[in-house]
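Peer 1: Got a structure for you, questions after.
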Amino acid sequence: MIFATANKHKLRELSELLPGVELRPLPAGVRLPPEEGDSFAEIALEKARAAHVATGEAAIGDDSGIEAMGLGGRPGIESARYGGPDATDGENLAKLLREVAAAGEERRAAYHCALALVDADGGEHLFEARCEGRLIERPRGEGGFGYDPAFVPDDTGSEDSRTMAELPPDEKHAISHRGRAARALARHLTERRAA
């Protein structure tokens, strides 16, 4: 299957989450549409459709991001570009933490992931999941990517203050938004093969 992303971190992570599924990157020269949808699901579907139309193969699209409760859900679908169109992960994270600190005491946040599958015959399927947690003031950890160094997930327990960037990959995958969406996609693929 084609994974409609230019993000090598997402490609690696989804490959780990879907063992037995050969994911190939978007072929050179294939351009994805601008991310102009109103939701993670809409953007993920547009990516998968574009990859399917360009290649004729089954394609997976992903859109994901973080929603800070104290910012009314921002950055949301703007997560990858929050610090500007060419911002690095570090610049996006720094902007988010500045704005959350300025907004008051609310540090609750959630990651959201939408995975869209467009089958080789054009059938469309959508899988969405969330991971709830809180943002800390200073980033910690070397793993993960994006906002992971400042996000402490609820699922590890109230006594565990590790960020997503401090969790080993298998532990992160077990609770992450992308891990949950990928398991739903994997169940769909398994059921389809069994039918």
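Peer 1: When only C-alpha pairs under 8 Å and at least 6 residues apart count, what is the relative contact order of the range 26-112, in percent? Before the final figure, lay out each step's value.
Peer 2: On the way: 110 pairs, mean separation 21.3, N = 87.
That works out to 25 percent.
Peer 1: Still on this structure, please answer the following. Nothing charged except the Cβ atoms of Lys and Arg (+1) and of Asp and Glu (-1): what's the magnitude of the dipole of the chain about its Cα centre? Round to the nearest 20 debye.
Peer 2: Values: 25 positive and 35 negative charges, 54 e Å.
Dipole magnitude for the chain comes out near 260 debye.
Peer 1: Below 10 angstrom from the Cβ of L71, what's the summed charge of the other residues (Lys, Arg +1; Asp, Glu -1)? Don't skip to the answer; put the middle values down first.
Peer 2: Working: positive: R74; negative: E67, E99, E106.
Once all neighbours under 10 Å are counted, the net charge is -2.
Peer 1: In Å, what is the Rg of the alpha-carbon atoms in the range 2-77, and how long is Dmax?
Peer 2: Cα-based Rg and Dmax for the range 2-77 come out at 13.4, 43 Å.
Peer 1: If you keep only loop residues by DSSP, which GluC sites (Glu not before Pro) in the range 1-75 have at most 10 other Cβ atoms within 10 Å of their Cβ?
Peer 2: Numbers: sites: E13, E16, E22, E35, E36, E42, E46, E57, E67; in loops: E22, E35, E36, E57.
Those that pass, being in a loop and sparsely packed, are E22, E36.
Peer 1: How far, in degrees from 0 to 90, does helix 177-194 lean away from the longest principal axis of the Cα atoms of the chain, to the nearest 10?
Peer 2: Once rounded, the angle reads 20 degrees.
Peer 1: Taking each pair of different alpha-carbon atoms in the range 101-195 once, compute 1/r for the pair, average those values, and report the inverse of that mean as the Kirkwood hydrodynamic radius in Å to one decimal. Kindly include the intermediate steps, with their values, before the conclusion.
Peer 2: Values: mean 1/r = 0.0679 Å⁻¹.
Result for the range 101-195 stands at 14.7 Å.
Peer 1: Let me ask something additional. Past the 20 Å Cα-Cα mark, which pairs from K8/K95; K8/K172; K10/K95; K10/K172? Could the numbers behind the result be given before it?
Peer 2: Numbers: K8/K95 23 Å; K8/K172 18 Å; K10/K95 22 Å; K10/K172 13 Å.
Going by Cα-Cα distance, K8/K95; K10/K95 fall outside the 20 Å limit.
Peer 1: For the range 110-181, state which GluC sites (Glu not before Pro) are in a DSSP loop and have at most 15 other beta carbons lying within 10 Å of their beta carbon. Let's see the in-between values first.
Peer 2: Numbers: sites: E124, E128, E132, E137, E142, E159, E166, E171; in loops: E137, E142, E159.
Answer by residue number: E137, E142, E159.
Peer 1: While we're here: Filter the trypsin sites (Lys or Arg not before Pro) in the range 7-82 down to the DSSP loop ones having no more than 11 other Cβ atoms within 10 Å, then list what survives.
Peer 2: R31
Peer 1: In vacuum, with every alpha carbon of the range 88-135 counted as one equal point scatterer, what does the Debye formula give for log10 I(q)/I(0) at q = 0.16, 0.19, 0.32 Å⁻¹? Two decimals, please.
Peer 2: Log10 I(q)/I(0), no solvent term: -0.64, -0.74, -1.09.
Peer 1: List the relative contact order of the chain as a percent without decimals, with contacts defined as Cα pairs under 8 Å and 6+ residues apart.
Peer 2: Details: 387 pairs, mean separation 35.8, N = 195.
Answer for the chain is 18 percent.
Peer 1: Okay, next question. Putting +1 on Lys and Arg Cβ atoms and -1 on Asp and Glu Cβ atoms, find which of L17, A68, A41 reaches farthest to the positive end of the dipole of the chain.
Peer 2: Towards the positive end, the residue furthest out is L17.
Peer 1: Right, here's the next one. Over the residues of the range 2-194, compute the C-alpha Rg and express it relative to 2.2 N^0.38 Å. Intermediate values should be presented prior to the final figure.
Peer 2: Numbers: Rg = 16.5 Å, N = 193, 2.2 N^0.38 = 16.3 Å.
Normalised by 2.2 N^0.38 Å, the Cα Rg of the range 2-194 equals 1.02.
Peer 1: Calculated FRET efficiency, A28 and S158, Cβ-Cβ r, R0 45 Å, to nearest 0.05? Don't skip to the answer; put the middle values down first.
Peer 2: On the way: r = 47 Å, r/R0 = 1.04.
My answer for the efficiency is 0.45.
Peer 1: Can I ask one more? If you fit an axis through the alpha-carbon atoms of helix 89-103 and take the longest principal axis of the Cα set of the chain, what angle between them do you get, 0 to 90°, nearest 10?
Peer 2: Compared with the principal axis, the helix lies near 50 degrees.
Peer 1: To continue, here is another question. Given a cut-off of under 8 Å on Cα pairs at least six residues apart, what relative contact order in percent is computed for the range 125-195? Could you put the intermediate results ahead of the total?
Peer 2: Numbers: 91 pairs, mean separation 22.9, N = 71.
Reported as a whole number, the value is 32 percent.
Peer 1: At a 10 Å Cβ-Cβ cut-off, how would you order Y111, Y82, fewest neighbours first?
Peer 2: Taking fewest neighbouring Cβ atoms as first place, the list is Y82, Y111.
Each value in this text was obtained by applying a stated rule to the coordinates, not by laboratory testing. Computed from a predicted structure; not experimentally measured. Positions of Cβ are backbone-derived with ideal geometry, glycine not excepted, and every protein chain shown enters the neighbour counts.
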